[in-house]
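I have placed the structure first, in the form of structure tokens, so that the comments after it can refer back to it.
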Amino acid sequence: MALIAAASAGFRHALELGSNWALALILVGIPVYGYLKGVKVYEAFVEGAKEGFQVAVRIIPFLVAILAAVGAFRAAGAMDALGRLLGPVTGPLGLPPEVLPMAIVRPLSGGGSLGILGSILAAPGLGPDSYAGRLASVLQGSTETTFYVLSVYCGAAGIVRYRHALAAGLCADASGLVASVAIARLLWG
């Protein structure tokens, strides 16, 4: 047993050392490669940073709008009411009422869904080893913040007609939800 623990610790140390060297290689290698190719690396970096700052300034109104809408929806109690209303239907399908608010908020806000995940994992009687905790964790990694992504990136690019992207994103979110429930039921059901 001690041999396995020592091997595991050695493996973790080797992985950590390898990841540190890989990061250092990337941080040094990319500028060196650019310099060897004749690129003015510092000037290119400064220009990219300037463009990134301009994009950040352009997307702030979209971020504020979506976060305010999610906050108002949760603060008004609409999220809990919707969970109580749909819980009897979704519970037998493998989506407990405790996870339902997260499934609803996830397409809107990553931070909001992470907060709900934290409350599920910290709730007495649930926790990380419960079915709800495991399902919520799988769901967090299996779906995307569709409305957030569309509002931020399409807003920054000036795209106002993104109905097909919205439909595709919501279909992907629904597929992620169904797959999360199926996998969680299969593994921990």
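The values are calculated or read from the model by the stated rules, or taken from the named source; none is laboratory data. The shown structure was predicted, so the numbers you read here are calculated from the model rather than taken from an experiment. With ideal geometry, Cβ positions are generated from the backbone for all residues, glycine too; neighbour counts draw on all protein chains shown. For accessibility, only protein heavy atoms count, side chains too; no ligands or nucleic acids. Shrake-Rupley method; radii C 1.70, N 1.55, O 1.52, S 1.80 Å.
See the values below:
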| item | result |
| --- | --- |
| Lone unmet requirement of (1) under 30 Å from ARG58 (Cβ atoms); (2) out of contact with any Lys or Arg (no Cβ under 8 Å at 6 or more places or on another chain) for THR90 | (1) |
| Yes/no for ILE66 being touching a Phe, Trp or Tyr at 6+ places or on another chain (Cβ under 8 Å) and more than 30 Å from TRP188 (Cα to Cα) | yes |
| Any hit, the stretch 70-86, residues being open to solvent by less than 100 Å² (accessible area, probe 1.4 Å) and touching a Ser or Thr at 6+ places or on another chain (Cβ under 6 Å) | yes |
| Members of the stretch 22-50 found to be at pLDDT below 85 and open to solvent by 60 Å² or more (accessible area, probe 1.4 Å), listed by number | LEU23 |
| Unmet requirement for ALA69, which otherwise passes all of (1) within 30 Å of VAL55 (Cα to Cα); (2) at pLDDT 90 or above; (3) aliphatic (A, V, I, L, M) | (2) |
| Yes/no for LEU93 being aliphatic (A, V, I, L, M), modelled with pLDDT of 90 or more and either in a helix (DSSP H, G or I) or within 29 Å of the chain's Cα centre (by Cα) (or both) | yes |
